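So the structure is just underneath, and the comments pick up after that.
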Amino acid sequence: ECSRLSMAEVISTLRYFQSRGYIEWSDDKARISDHWFRHITNVLHRQHLLVK
């Protein structure tokens, strides 16, 4: 609801991220892969999209 995306769009995006190696699944939860974590959090920080 908060993103105004349909469930299909969210699932499609998660599948794309997984295929590119950006996320990995653990216990039915997606998490940013170790390889991409620092880069992704740096980008989000520069765009003021992280909550402290």
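Could you tell me how many of the residues in segment 1-29 are touching a helix residue (DSSP H, G or I) at 6+ places or on another chain (Cβ under 6 Å) and not in a loop (DSSP other than H, G, I, E, B)? Working first, answer last.
Start the filter on segment 1-29 by keeping residues that are touching a helix residue (DSSP H, G or I) at 6+ places or on another chain (Cβ under 6 Å), which leaves 22-23.
From the residues that got through so far, the ones that are not in a loop (DSSP other than H, G, I, E, B) too are 23.
Total meeting the criteria: 1.
Being of a type in the set (A, V, I, L, M) and not in a helix (DSSP H, G or I) is the requirement here; does VAL43 meet it?
Against the criterion (of a type in the set (A, V, I, L, M) and not in a helix (DSSP H, G or I)), VAL43 does not qualify.
Quick check on this structure: which one of LEU5, LEU49, LEU44 is of a type outside the set (S, T, N, Q) and loosely packed, with under 10 Cβ neighbours inside 10 Å?
Numbers: LEU5 fails: loosely packed, with under 10 Cβ neighbours inside 10 Å; LEU44 fails: loosely packed, with under 10 Cβ neighbours inside 10 Å.
It is LEU49.
Considering only segment 1-11, how many residues are more than 18 Å from LYS29 (Cβ to Cβ) and under 15 Å from the mean Cα position of the chain (by Cα)?
Adding up the residues that qualify gives 2.
Please identify the pairs in which a residue from segment 28-52 that is free of Cβ contacts under 8 Å to residues at least 24 places away in the same chain and among the small types (Gly, Ala, Ser) has its Cβ atom under 8 Å from the Cβ atom of a residue that is surrounded by 11 or more Cβ atoms within 10 Å (Cβ to Cβ) and in a helix (DSSP H, G or I), counting only partners at least 6 apart or on another chain.
Final answer for the pair search is ALA30/LEU14; ALA30/PHE17; ALA30/GLN18.
So the check is Cβ under 9 Å with 6+ separation or different chains; which pairs have a first residue in segment 1-12 that's of a type in the set (A, V, I, L, M, F, W, C) and a second one that's surrounded by fewer than 10 Cβ atoms within 10 Å (Cβ to Cβ) and modelled with pLDDT under 90?
VAL10/SER3
The values are calculated or read from the model by the stated rules, or taken from the named source; none is laboratory data. Source: prediction; values computed, not measured. FYI the Cβ positions are ideal-geometry reconstructions off the backbone, even for glycines, and counts take in every protein chain you see.
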